[in-house]
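First comes the structure, then the notes that go with it.
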Amino acid sequence: MRLGARSLCPPGAAAGRPGEPGYAVAVRRYHVTTFGCQMNAHDSERIKGLLEELGLGEAAAPDEADVLVFNTCTIREKPDQRLAAHLAQAKALKDRDRERVIAVGGCYAEAQRERIFERYPFVDVAFGPGSIAHLRDWLGAGGLGVARGRFGTAEERRFAAALPLRRERPFQAWVQVSMGCNSVCSYCIVPAVRGRETSRPPGEIVAEVKRHARDGVREVTLLGQNVNSYGRDLAPTIRTGFAELLRACDAVEGIERIRFTSPHPKDFRPDVIDAMAECRAVCEHAHLPLQSGSTRILKRMRRTYGREGYVRLAAKLRDAVPDLALTTDVIAGFPGETEADFQETLEVVEEVGFDGAFTFVYSPRAGTEAAAMPDQVPEDVKRERIERLIDLVQRVAARRNDARVGRVEEVLVEGASRTDPSLLRGRTRRNTTVNFSGDAPPGALVPVLVEAATSTTLRGTQTVLAPV
Ligand code: SAM
Ligand code: SF4
């Protein structure tokens, strides 16, 4: 254990002299760098909330911060490499000022555990995704008396929901419904780093949604690795399925939009489809990860659905929810994937007509079943396939977006457009980004006439301007 790397005290706390008990240096600013999924983005809000509770303020850039936090992802090799580059920069900053604290949290920290300190000896504190509070314990104690390099164990994993929260936008909120995952997808490291699925009691979730609504939130996104298996582990007295949870959130006054991610196709039951169709606030969008269009590959991935089942489910969803947008995740180059298997993936992308897709080159993760499969696809073949996949996904999405031209869509305004500050930016209920001319403030719901489209965005004009 390393002691006294840097001490912290809440504002106003008396600072003693170096070496004396109670010696503390008031550290005022933090910077959090987030990698990976929405779950991580949400965890980062909790990390920021607890750092602010400890009296720190946010720094605009890492070089202005006293505490540098990296909330990591390890789903593929690429984020690992990006983290290494970020940590090299953090080390350079620390070399200039030894008092800086470097903290590494999230899935990479959990996967590496003690090795992180061997690999990056300048890291002061590390914590897994279920043990964000460890950061508070460590910093709150000024790095004293709390073991360096103690990670969350299965027993220690806790919902971050109990921690304070610093939200990016006052009108949107993520709400965690479960943590961990009970699936065994053969390529995926998530179950190893986030543990078995644990559902949050429904009362807590609905209470959080009500609190958000009172604070002015209009859109909530329910988060879980597999939201559709929500509730199976709950005690019989409070057992609630995902459909019931959607209906309970829909009943909360003030919540205009409900999103959720991700549902696993194997658990998408009719009651959830009915809830989507019937609940006013539940948006017309489902992110339904396909992974592969080949039943043979899906079997090797242990996804427990086949091509036909997936296509049937997509059709059922579109029948039940008119105007539904479907987005997906697809992996190219899974071990043993032949050109014929890959062709099947392309066929499904075309047949289902996705409105968007996250596309991934298969990345072997140490300890997963697929990483040990003998028939790994050569890198150049994976690259060539992902390029064809992206090309098709973009063509299909552009076609789908083109079909929106001429319609009026309800848009939740998020702020100024990133590409043209004279325009506003927002999202439709179908989760498509729209850049538009208008005068509405962030958080407003406004009608926008769609005038043009690309594969990823729409362009338009607000039809009803704010009264002057
Ligand atoms: N639980 C969610 C699900 O099942 O859809 C998402 C989990 S993961 C954070 C998001 C996506 O990363 C997955 O849907 C998959 O497409 C991709 N992914 C996971 N492991 C991967 C790997 N080893 N190589 C490439 N992509 C991977
Ligand atoms: Fe990973 Fe599969 Fe669980 Fe998603 S459902 S987190 S891909 S194991």
Straight-line reach check, Lys299, cutoff 17 Å on alpha carbons, 8 or more apart in-chain or any other chain, hits among lysines -> Lys266
Taking a straight Cα-to-Cα line shorter than 22 Å from Lys94, and setting aside same-chain lysines fewer than 8 residues away, one finds Lys48
Expected field for Arg459, accessible surface area in Å² at 1.4 Å probe radius, rounded to 10, holds 110 Å²
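What's the extension gain from Arg158 to Arg96 if we count 0.36 nm per residue and subtract their Cα-Cα distance? Before the final figure, lay out the partial values.
On the way: separation 62, 0.36 × 62 = 22.32 nm, distance 3.57 nm.
My answer for the length gained is 18.8 nm.
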Rounded to whole Å², per residue accessible area for the chain with a 1.4 Å probe reads 43 Å²
The set of residues whose placed amide H lies less than 5 Å from the amide H of Thr221, leaving out same-chain residues fewer than 5 positions away, is Ala173, Trp174, Val175, Arg259
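Region 371-443: percent of C-alpha pairs farther apart than 17 Å? Display every interim value, and only then the final one.
Details: 1611 of 2628 pairs.
Of the Cα pairs, 61 percent sit more than 17 Å apart.
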Env charge @ Trp174, Cβ radius under 15 Å, K,R +1 / D,E -1, value +3
Spelling it out for Ala325: with amide H atoms placed in the peptide plane at 1.01 Å from N, the residues 5 or more places away or on another chain with amide H under 5 Å from its amide H are His285, Ala286
For Gly105, other-chain or 5+-apart residues with amide H closer than 5 Å (H placed, Pro excluded) are Phe70, Asn71, Thr72, Phe127
At the level of C-alpha centres, the distance separating region 330-377 and region 102-122, in angstrom, is 29 Å
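Sort Trp138, Trp174 by accessible area with a 1.4 Å probe, largest first. If you can, show how the numbers build up before the last one.
On the way: Trp138 0, Trp174 60 Å².
Correct descending sequence by accessible area is Trp174, Trp138.
The chain: percent of C-alpha pairs farther apart than 44 Å?
On the way: 16196 of 109278 pairs.
Of the Cα pairs, 15 percent sit more than 44 Å apart.
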Once Glu58 and Gln38 are pulled to full extension, the length gained, defined as 0.36 nm per residue separation minus their Cα-Cα distance, is 5.2 nm
Carbon and sulfur atoms account, in whole percent of the 1.4 Å probe accessible area of region 244-369, for 51 percent
For Lys316, the aspartates and glutamates lying under 16 Å Cα to Cα, once residues fewer than eight places off in the same chain are dropped, come out as Asp267, Asp271, Asp274, Glu278, Glu284, Glu308, Glu351
Other residues with Cβ under 9 Å from the Cβ of Asp250 give, with Lys and Arg +1 and Asp and Glu -1, a net charge of +1
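Could you work out the local net charge near Lys210, counting Lys and Arg as +1, Asp and Glu as -1, over the other residues with Cβ closer than 13 Å to its Cβ? Show your work: numbers first, answer last.
Values: positive: Arg211, Arg214; negative: Glu204, Glu208, Asp215, Asp250, Glu253.
Local charge sum for Lys210: -3.
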Checking rank on 40-53, 81-94, with mean other Cβ inside 10 Å and highest first, the result is 40-53, 81-94
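The values are calculated or read from the model by the stated rules, or taken from the named source; none is laboratory data. Just so it is clear, the structure is predicted and the values come from calculations on it, not from any experiment. Backbone-built Cβ (ideal geometry, glycine too); neighbour counts: all protein chains shown. The area values use the complete protein model at the heavy-atom level, side chains included, leaving out ligands, DNA and RNA. Shrake-Rupley method; radii C 1.70, N 1.55, O 1.52, S 1.80 Å.
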